[in-house]
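Working notes, beginning with the structure itself.
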Amino acid sequence: MQRPQLLTMTTPPSRLLSGLEAEYRLIRWDVSDRSISFLKENAGECRAMLVNGNMRATVEMLAALPKLEVISCTTAGYDGLPADELARRGIALTNTSPALRDDVADMAILLMMAGRRSFLAADAYVRSGEWARHGMFPLQRSLKSSHLGIVGMGSLGSAVAERAGVFGMKIAYWNRRRKDVAWRFEPDLMQLARDSDVLMATVAGGPDTEGLISAGIMNALGPEGLLVNIARGPVVDEPALIAALNGGMLGHAALDVFMNEPSPDPALTSLPNVTLSPHHASGTYEAREAMAQLAVDNLAAFFAGKDLISPVRLHA
């Protein structure tokens, strides 16, 4: 039986490459000239594609793949893919959210704690000798009994809520639809921001959530509020964020993602009331290995005629 073709739009991890080569006939767009003509000439029979969230796949590229049935994404984010076109054509999509859920949620808590307790400023206070010169570092705010608003109650949002509950935080969430979870549902995002000491974005990226955290939301969170973003950079209106942090309308921001990566706006990164991480929430050996394996396992399930392990729901 002839091995099925697999189009690799991203380079598979070296530890998995030999296994993929044994199972599939790899069409290596990732090491080609990356042109539409390459796809038309080589990938017309491909039923499956391996991608990551950093690549951009256009409708024109998909048009060169008439037999494509499934896309396995090695990351949680897939905002570089034309989701509407996938839904229209009935192309299945999988991602690796389950594999990175815990490490990203851990980073969310780390960013929240660092922002809430001004940890980086405290570190600098010790290193600079200011502690000896000026005495005790200013008092900060406790997590216990503070209010956490989670924007997006998917797998990641629930993992954050589980962890935050251990600290005694009061948790509410906004989501397009109410979820069957233990935490309070707030259908009005503006009201959630008003009620929160910490507002955390965990929603999926893409056109539907671009600018979701607007100037109004930040103003509602207020001058003592902390905004944490572990979702996608465009979820937050970044110019409005800079203005709010500069003008005192928002107290602090703790960010793992940015509008322009890997070169965020210097007007943002130069501010003293931000805590920054280089889009590294899933950046552990364990998570990255699990992500790659899950992407491969989704492909294996597809070609074995089994249910996909971690499908993404697409709406036409």
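The values are calculated or read from the model by the stated rules, or taken from the named source; none is laboratory data. Note that this is a predicted model, so its numbers are computed, not measured. As a convention, Cβ positions derive from the backbone with ideal geometry for all residues, glycine included, and neighbour counts pool all protein chains shown.
Output the residues belonging to the range 98-115 that are surrounded by fewer than 22 Cβ atoms within 10 Å (Cβ to Cβ) and either assigned by TED's automatic domain parsing to the domain that holds A292 or not hydrophobic (A, V, I, L, M, F, W, C) (or both). Once the filter is applied, which keeps residues that are surrounded by fewer than 22 Cβ atoms within 10 Å (Cβ to Cβ) and either assigned by TED's automatic domain parsing to the domain that holds A292 or not hydrophobic (A, V, I, L, M, F, W, C) (or both), the range 98-115 yields P98, R101, D102, D103, D106. The set of residues from the range 204-239 being hydroxyl-bearing (S, T, Y) and within 14 Å of the chain's Cα centre (by Cα) comprises just one member, T209. The residues of the range 85-99 that are of a type outside the set (A, V, I, L, M) and either farther than 19 Å from R288 by Cα or free of Cβ contacts under 8 Å to residues at least 60 places away in the same chain (or both), listed by number, are E85, R88, R89, G90.
Taking the conditions (1) closer than 24 Å to L143 by Cα; (2) touching a residue at least 24 places away in the same chain (Cβ under 8 Å); (3) surrounded by fewer than 20 Cβ atoms within 10 Å (Cβ to Cβ); (4) in contact with a helix residue (DSSP H, G or I) (Cβ under 8 Å, 6 or more places away or on another chain) in turn, G206 satisfies each one other than (1). Residue pairs, Cβ under 7 Å, 6 or more apart or interchain, first in the range 287-301 and buried (at least 17 other Cβ atoms within 10 Å of the Cβ), second small (G, A, S) and part of a helix (DSSP H, G or I). List them. Going by the 7 Å Cβ cut-off, the qualifying pairs are A287/A99; A290/A99; M291/A99; L294/A99.
Counting just the residues of the range 148-166 that are assigned to a helix (DSSP H, G or I) and of a type in the set (V, I, T), which one comes out surrounded by the fewest Cβ atoms within 10 Å (Cβ to Cβ)? Filtering the range 148-166 for residues that are assigned to a helix (DSSP H, G or I) and of a type in the set (V, I, T), the one surrounded by the fewest Cβ atoms within 10 Å (Cβ to Cβ) comes out as V166. The one condition from (1) surrounded by fewer than 17 Cβ atoms within 10 Å (Cβ to Cβ); (2) under 20 Å from the mean Cα position of the chain (by Cα) that A267 does not meet is (2).
Being farther than 28 Å from A122 by Cβ, charged (D, E, K, R) and either at pLDDT below 95 or in contact with a helix residue (DSSP H, G or I) (Cβ under 9 Å, 6 or more places away or on another chain) (or both) is a description that applies to R176. Of all residues in the range 246-260, at least one satisfies being of a type in the set (A, V, I, L, M) and touching a Lys or Arg at 6+ places or on another chain (Cβ under 8 Å). Looking only at residues in the range 167-188 that are touching a Leu at 6+ places or on another chain (Cβ under 9 Å) and over 16 Å from G154 (Cα atoms), the one that is surrounded by the fewest Cβ atoms within 10 Å (Cβ to Cβ) is G168.
Of the residues making up the range 268-278, those that are under 20 Å from A231 (Cα atoms), touching a strand residue (DSSP E or B) at 6+ places or on another chain (Cβ under 9 Å) and in contact (Cβ under 8 Å) with a residue 12 or more places away in the chain number 6.
Within the range 181-200, does at least one residue satisfy the condition of being under 19 Å from the mean Cα position of the chain (by Cα) and more than 29 Å from S145 (Cβ to Cβ)? Checked the range 181-200: no residue is under 19 Å from the mean Cα position of the chain (by Cα) and more than 29 Å from S145 (Cβ to Cβ). When residues in the range 114-140 are screened for being within 15 Å of G251 (Cβ to Cβ) and assigned to a helix (DSSP H, G or I), 6 of them pass. Looking only at residues of the range 270-286 that are surrounded by 15 or more Cβ atoms within 10 Å (Cβ to Cβ) and of a type outside the set (G, A, S), we find that the one that is nearest to D84 (Cα to Cα) is H279. Kindly provide the set of residues from the range 225-241 that are of a type in the set (A, V, I, L, M, F, W, C) and closer than 25 Å to L143 by Cα, ordered by number. Matches in the range 225-241: L226, L227, V228, I230, A231, V235, V236, L241. Residues of the range 124-147 include none that is without any contact (Cβ under 8 Å) to a residue 60 or more places away in the chain and either crowded, with 22+ Cβ neighbours inside 10 Å or not assigned by TED's automatic domain parsing to the domain that holds S196 (or both). Among the criteria (1) more than 26 Å from S270 (Cβ to Cβ); (2) touching a residue at least 60 places away in the same chain (Cβ under 8 Å), the one W183 does not fulfil is (2).
The set of residues in the range 1-56 being of a type in the set (A, V, I, L, M, F, W, C), out of contact with any Ser or Thr (no Cβ under 6 Å at 6 or more places or on another chain) and either crowded, with 19+ Cβ neighbours inside 10 Å or in contact (Cβ under 8 Å) with a residue 60 or more places away in the chain (or both) consists of L6, L7, M9, L16, L20, I27, W29, L39, A43, C46, A48, M49.
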